[in-house]
């Protein structure tokens, strides 16, 4: 999975049980790589043919999910790769 562009996302979803819409709306600010946690605040949903963000389906406004060390490693590598891509794009990101 680590050679696929979305491998870290797939590993995160499989290991944590995050719903597709929750995982797709995550931002790096929602992921604490030092603590190995993800805070799920919002989700992406298709409503009437359009994509919208909504609060998560739980009774709490957010939830915290523990992330396995192997997945943290994959996420770190993904974050570094994205930073390199941004530099290569020179502002066209």
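None of the figures in this text is laboratory data; all of them are computed from the coordinates on show. Model, not experiment: these values are computed from the prediction.
Axis angle, to the nearest 10 degrees, between helix 7-16 and the longest C-alpha principal axis of the chain: 40 degrees. Computed over the chain, the per-residue total of -39500 (n - 2.57) for DSSP H runs of n ≥ 4 gives a 222 nm mean residue ellipticity of -12000 deg cm²/dmol, rounded to 500. Between residue 85 and residue 28, what is 0.36 nm times their sequence separation minus the Cα-Cα distance? Round to one decimal in nm. Full-extension gain reported as 19.0 nm. For Kirkwood radius over Cα pairs in Å, the value calculated from this model appears in [x] 13.8; [y] 16.3; [z] 14.2 under label [z].
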